[in-house]
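The structure under discussion appears below in the form of structure tokens.
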Amino acid sequence: MPKARGTAINPPNRFERLHVEPLDDSTELEPDLPDRLTQFFVDNSKSILSENDSPDVPFTYSINPYRGCEHGCVYCYARADHEYLGFSAGLDFESKILVKTEAPRLLQEALSASNWNPQTICLSGDTDCYQPAERRLQLTRQCLEVFAAYRNPVSIITKNALVQRDIDLLKDLAHDNLVTVTMTITTLDDDLIRTLEPRTSRAGLRLSTIRTLADNGIPVGVSVAPIIPGLTDQEIPAILYAAAENGARYAGYIILRLPHAVREVFMEWLERELPLKAHKIRNRITDFRGGRVSNYEWGTRTRGKGPSAVAVRTLFEQALRRSGLSSEKHELSNHHFRIPLDRQLDLFH
């Protein structure tokens, strides 16, 4: 098993006809497997805004400075998107990262366009914009500088305490009600985090990040996501209470989704890490999906359906009321948007 990785497998790419399978004694072919290093590739995308039309997603536009994510969360639905790039949704997803080096400039061009209608942009909608590479590359910070210059609202979703680095920009944006930060917390069990989402911030650090953001006047909430039936669903009240105690204002949740090859990645992890609970957890997952592991139907794919889904929703709503959190995300302002006189901002350092 590679160190600090969520998975050691590379399921076949559903778009590729050829798949190379290593021999059982793979260490002879890949002697560096235990220390597999992350590779970074330049992504030469010509645009930066991704448009969404799914009724399950509460935003129209998002930015993803990185494709692939070194956090290595075994359940991440974005793993399946790595197959569009010719990679696997498995180990490739967390060790072969595409970097949009031109993201800040492309964002500046998008916001300067005559047809841009000022509205909230999500950062990020797919992979985590504060994954480990951001510490060095600072593409997310440079994008925030563009948002601040144009006074365009932005909502941030992350599970990494690195967001605290950008407190100065977040405070500036919050002054005009232009930013929210949602911290994702899957579990409060650090031992589980170590294998489930190995390169993310631990639970206590995420909670202290919520406190730091709140103390600096930045609207912050928590996303209990994904809720893994039979494993983390019982933690819903504890997560909401802890987030509220640390200054969170709002909360939401998403039920585990396992599209395409993500199913194989997650199930391999489940059998490897929790063999005695695997059967029970798998059955609980199918309870939310009409007897299936995956369900791609809009309206139910993020919430599930059936009695189990109703029970989780009820538990969440009860804990939400008792914690004092809101189910409504903080609304941002579109009224401060401007196009700077000097569009050649000093951003790319």
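Here is how the numbers come out for the structure above:
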{"quantity": "Test set (1) closer than 22 Å to Arg36 by Cα; (2) at pLDDT below 95 - Ser95 fails condition number", "calculated": "(2)"}
{"quantity": "So Thr180, is it hydroxyl-bearing (Ser, Thr, Tyr), within 23 Å of Asn117 (Cβ to Cβ) and either surrounded by fewer than 20 Cβ atoms within 10 Å (Cβ to Cβ) or modelled with pLDDT of 95 or more (or both)", "calculated": "yes"}
{"quantity": "Close pairs from the range 51-72: first more than 15 Å from Gln119 (Cα to Cα), partner modelled with pLDDT under 75, Cβ under 7 Å, at least 6 apart", "calculated": "Ser54/Trp298; Pro55/Trp298; Pro55/Gly299; Asp56/Trp298; Asp56/Gly299"}
{"quantity": "The lone exception for Pro118 - which of (1) surrounded by 20 or more Cβ atoms within 10 Å (Cβ to Cβ); (2) in contact (Cβ under 8 Å) with a residue 24 or more places away in the chain; (3) not acidic (Asp, Glu) it fails", "calculated": "(1)"}
{"quantity": "Conditions (1) in contact (Cβ under 8 Å) with a residue 60 or more places away in the chain; (2) out of contact with any Gly (no Cβ under 6 Å at 6 or more places or on another chain); (3) within 25 Å of Arg303 (Cα to Cα); (4) not basic (Lys, Arg); number of the one not met by Leu178", "calculated": "(3)"}
{"quantity": "Given (1) within 23 Å of Glu331 (Cα to Cα); (2) of a type in the set (S, T, N, Q); (3) out of contact with any Pro (no Cβ under 7 Å at 6 or more places or on another chain), number of the condition Ser47 does not satisfy", "calculated": "(1)"}
{"quantity": "Every residue from the range 194-203 that is closer than 20 Å to Cys129 by Cα and either hydroxyl-bearing (Ser, Thr, Tyr) or more than 18 Å from the chain's Cα centre (by Cα) (or both)", "calculated": "Thr200, Ser201"}
{"quantity": "Lone qualifier among Ala161, Ala203 - being of a type in the set (Gly, Ala, Ser) and under 21 Å from Gln142 (Cα atoms)", "calculated": "Ala161"}
{"quantity": "Wholly within the range 103-176, helices (runs of 4 or more DSSP H) carrying at least 1 residues that are under 30 Å from Pro198 (Cβ atoms), small (Gly, Ala, Ser) and at pLDDT 95 or above", "calculated": "103-112"}
{"quantity": "Residue under evaluation Asp56, criteria (1) touching a helix residue (DSSP H, G or I) at 6+ places or on another chain (Cβ under 7 Å); (2) at pLDDT below 95, criterion not met", "calculated": "(1)"}
{"quantity": "Filtered residues of the range 198-223 (kept if more than 15 Å from Arg165 (Cα to Cα), buried (at least 22 other Cβ atoms within 10 Å of the Cβ) and of a type outside the set (Gly, Ala, Ser))", "calculated": "Thr200, Leu207, Pro219, Val220, Val222"}
{"quantity": "Hey, Lys329 buried (at least 17 other Cβ atoms within 10 Å of the Cβ), modelled with pLDDT under 95, out of contact with any strand residue (DSSP E or B) (no Cβ under 8 Å at 6 or more places or on another chain) and of a type outside the set (Ser, Thr, Tyr) or not", "calculated": "no"}
{"quantity": "Residue match in the range 268-289 (condition: of a type outside the set (Val, Ile, Thr) and in contact with a strand residue (DSSP E or B) (Cβ under 7 Å, 6 or more places away or on another chain))", "calculated": "yes"}
{"quantity": "Flag if Arg322 is in contact (Cβ under 8 Å) with a residue 24 or more places away in the chain and loosely packed, with under 13 Cβ neighbours inside 10 Å", "calculated": "yes"}
{"quantity": "Hits in the range 290-340 (condition: assigned to a helix (DSSP H, G or I), more than 30 Å from Asn177 (Cα to Cα) and among the hydroxyl-bearing types (Ser, Thr, Tyr))", "calculated": "Ser308, Thr314"}
{"quantity": "The lone exception for Thr302 - which of (1) at pLDDT 95 or above; (2) surrounded by 16 or more Cβ atoms within 10 Å (Cβ to Cβ); (3) β-branched (Val, Ile, Thr) it fails", "calculated": "(1)"}
{"quantity": "Verdict on Glu264 being more than 27 Å from Ser326 (Cα to Cα) and modelled with pLDDT of 95 or more", "calculated": "yes"}
{"quantity": "Test: residue in the range 239-259 that is touching a Gly at 6+ places or on another chain (Cβ under 7 Å) and under 17 Å from Arg292 (Cα atoms)", "calculated": "yes"}
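The values are calculated or read from the model by the stated rules, or taken from the named source; none is laboratory data. Owing to the predicted nature of the structure, the values given are computational and were not obtained by experimental measurement. We place every Cβ from the backbone using ideal geometry, glycine too, and count neighbours over all the protein chains shown.
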